Amino acid sequence: MHRMILNERPGLFRVLCLLALFEVACLLETGMLFPRESSSREVKELNGLWNFRADKSPDRNQGFDRAWYKSRLVETGPVIDMPVPASYNDITQDPTLKDFIGWVWYEREVVVPARWITDEGTRVVIRVGSAHYYSIVWVNGVKVTEHNGGHLPFEAEIGTLIRKDPTQPCRITIAVNNTLTLETLPPGSIQHMDDSTQYPKGFFVQNTYFDFFNYAGIHRAVLLYTTPAAYVDDITVVTDFLDNTGLVNYKVSVQGATTATLKVTLMDKNGQCVASSTGPFGVLKVVDVNLWWPYLMHESPGYLYSMEVHLMAANERSTYEDVYTLAVGIRTVNVTSTQFLINKKPFYFHGVNKHEDSDIRGKGFDWSLIVKDFNLLKWMGANSFRTSHYPYAEEILQMCDRHGIVVIDECPGVGIKDIRSFRNVSLNHHLVVMDELVRRDKNHASVVMWSVANEPASEMPPAEYYFKTLIQHTKALDPTRAVTYVSNSHYARDKGAPYVDVICVNSYFSWYHDPGHLEVIPLQLNTQFENWYGKYQKPIIQSEYGADAVPGLHSDPPMMFTEEYQKVVLQSCHDVFDQKRKQYLIGELIWNFADFMTAQGITRVVGNKKGVFTRQRQPKVAAFILKERYWRLANETGRLPPWTKYPCSL
Ligand code: GCB
């Protein structure tokens, strides 16, 4: 039985229906295309050193009381150098900055190319790839935007403002606050300790209900980019195929024009035009299509066409030309009661869970780290990952598109444990975050499934309405992909499971339960799968499993925290996975790809050590176990490209 509807209808009709649905549900008014240079667009990155000042006043409000955004930050008090992008927490030796809670201020002066200022037909946009958690942006002392939430981009048009006084340098001030509340995603709470016999005056802590360090600051690129005053604001593509013909259904939205003509051209890898169309929506037909295939499922995975959207437009003032190019992978996704299908062929997720996390940078974007991680993923034969527990940088998804790494795209709905976080204000914010996530990532071929949350208290009574609403909203936003959330609740009491397409379950047998008893794994894991499948008859992904291993710690017989124990946990789980993948198990994602930083606590020795690689990306014994297994699975289920015959040489 196909759960995702419309599968059997003829392709063209199907994609038209799907695209129509996409448009109805989203509440956001503008697009959020990745800023790309083209003949009509320029991009100026503002990465590098910014001035920085943490507001350490008791109520953290001095910056607002004294309007730090109105003058140069250095005139308000002492500033330090801060790299962007990076988390600020691990950059200095100051322990109060590492664990700082409240507002921090960033500032930088930018030289704006003269033409951007003189040419009134140019829009100048400031874009922040992500800043954690709440941000306010000023340009020359004037507030231009604010954004609620880390992990997703936001932007504002500033051309009009900087044209007011072209002699002034463009001073950008960004204040960022990492305070989490019961209504933020992820949620958190501030606890003040008032007992003066136990705590110093003003002592407070931030409680979080998730297992990673709440790194903060400007985590992704800040940039200025231009578009013409009439411009391509958003593009949505939905793909399908019939026999050998690929179908790319597109919709383009335009802003700033009273009249516009559009030309859309699809080019193959060699730059040859394979289809074209005119108008704001339509279907491009690609004869002898090269489908987008996952890594290790095909000899040339990650095939991308390039869709050039060319706009000629006019408004009262002038005529404009805009060009935007989007990478398009043609593929389909379907779910049955026992299988996950990509291009109508069964796909088995053999992959990892990751974090955006590394030494010094924290959650700051870093190309060297990203390329290294992709090399490791491909080395170990991983074909997929989940963006636990928040949306990753767009550049990472672009890499996934190009390399054929399949993605479960998770929103920051992690740690929804307190019953007060199920109220309407939280739900409404969660819906907006899903809108922002889908708007940003809808055109990535690598993204096949949305995950709306990780391990919420999904057995609590309000969880039913909350997750039903959230999942249905996400399905309406994007009917072309699967929707899930990741559960660790009791299978029979899980309120959201009836609504998901795929059941994702996390479990840590012989670790959090029956610690040290490796012998319970086969029985308990088998029972887990039978229970979930028996009740819901939906395909299952083991979305987390694993054990901490302190690198270099050994013991035989295996003891907890040694590399041997981690290895045996994995192997015992794999035996059960091998039985269940013949039935309804459609994937296994190790927790975790690499060790990562957490808050300090008695169960964490300088972070979570469940990585199969260390935080510095060196393999533990477990990495070799997975590598052997994943290549074997790829050999059984996929078609290995000739150049990957000898994985060791990768
Ligand atoms: C989980 C969580 C993950 C933790 C992991 C652990 O279930 O989803 O965020 O880090 O367990 O190691 O405890």
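The values are calculated or read from the model by the stated rules, or taken from the named source; none is laboratory data. Bear in mind that the values here come from a model prediction, so they are computed numbers and not experimental data. As a convention, Cβ positions derive from the backbone with ideal geometry for all residues, glycine included, and neighbour counts pool all protein chains shown. Note: accessible area is taken over every heavy atom of the protein model, side chains too, but ligands, DNA and RNA are not part of it. Shrake-Rupley method; radii C 1.70, N 1.55, O 1.52, S 1.80 Å.
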| Helix-only CD estimate at 222 nm, as mean residue ellipticity for the chain, using -39500 (n - 2.57) per DSSP H run (n ≥ 4) | -6500 deg cm²/dmol
| Among beta bridges that DSSP assigns inside the chain, antiparallel share in %, nearest 5 | 75
| query | Taking the Cα centre of the chain as the origin and placing charges on Cβ (Lys, Arg +1; Asp, Glu -1), which of Trp138, Ala393, Thr527 is farthest toward the positive end of the dipole? | reply | Thr527
| field | Heavy-atom accessible surface of the chain: percent carbon and sulfur, 1.4 Å | value | 54
| field | Lys, Arg +1 and Asp, Glu -1 on Cβ, resulting dipole of the chain about Cα centre, debye, nearest 20 | value | 700
| said: Which residue, Val500, Ala463, Ala476, has the largest displacement toward the positive end of the dipole of the range 447-507 when charges sit on each Cβ (Lys, Arg +1; Asp, Glu -1)? | reply: Ala476
| field | Exposure ranking of Arg60, Arg423 by accessible area [1.4 Å probe, largest first] | value | Arg423, Arg60
| message | Could you tell me the calculated FRET efficiency between Asp556 and Glu299, based on Cβ-Cβ distance and R0 = 51 angstrom, to the nearest 0.05? | response | 0.80
| Mean separation of Cα contacts under 8 Å, 6 or more apart, over the residue count of the chain: relative contact order % | 14
| remark: Counting only protein heavy atoms and rolling a 1.4 Å probe, one gets per residue an accessible area for the range 55-212 in Å² of 45
| note | Lys and Arg at +1, Asp and Glu at -1: neighbours of Thr598 with Cβ under 9 Å from its Cβ sum to 0
| said: In Å², and per residue, what accessible area does the range 289-402 have when probed at 1.4 Å with the other protein chains present? | reply: 30
| note | For Asp357, Asp366, the accessible-area ranking with a 1.4 Å probe, largest leading, is Asp366, Asp357
| query | When the Cα centres of the range 108-182 and the range 564-616 are compared, how far apart do they sit, in Å? | reply | 41
| Label-point gap, in nm, between Ala314 and Lys417 - each point 7 angstrom along Cα→Cβ | 6.3
| query | Can you flag which of Lys251/Lys372; Lys345/Lys538; Lys354/Lys442; Lys285/Lys442; Lys468/Lys610; Lys378/Lys468 are past 25 Å Cα-Cα? | reply | Lys251/Lys372; Lys468/Lys610; Lys378/Lys468
| said: Placing unit charges on C-beta atoms (Lys and Arg positive, Asp and Glu negative, everything else neutral), compute the dipole magnitude of the range 305-445 about its Cα centre in debye, rounded to 20. | reply: 620
| message | Ranking request for peptides 515-528, 268-281: highest mean number of other beta-carbon atoms within 10 Å first, then the rest in descending order. | response | 515-528, 268-281
| request: Give, in nm to one decimal, the length gained when the segment between Asn270 and Asn531 is fully stretched (0.36 nm per residue of separation minus the Cα-Cα distance). | output: 88.9 nm
| message | Multiplying the sequence separation of Glu636 and Tyr199 by 0.36 nm and subtracting their Cα-Cα distance, what value in nm do you get? | response | 151.3 nm
| remark: Here the FRET efficiency for His513 versus Ser368, based on Cβ atoms and R0 = 45 Å and rounded to 0.05, is 0.70
| note | Relative contact order as a percentage, the range 256-370, C-alpha pairs under 8 Å and 6+ apart, gives 20
| field | Distance between modelled label sites at Glu157 and Leu182, nm, 7 Å Cα→Cβ extension | value | 4.0
| said: Suppose R0 equals 51 Å. What FRET efficiency, 1/(1 + (r/R0)^6) with r the Cβ-Cβ distance, do Thr261 and Ile80 give to the nearest 0.05? | reply: 0.50
| field | Overall form of the range 461-533 per C-alpha gyration tensor (a/c, 1.5; a/b vs b/c) | value | prolate
| Once a ≥ b ≥ c are taken as the square roots of the eigenvalues of the Cα gyration tensor of the range 318-376, is the result rounded (a/c under 1.5), prolate (a/b larger than b/c) or oblate (a/b not larger than b/c)? | oblate
| request: Round to a whole angstrom and tell me the spacing of the C-alpha centers of the range 433-493 and the range 224-288. | output: 29
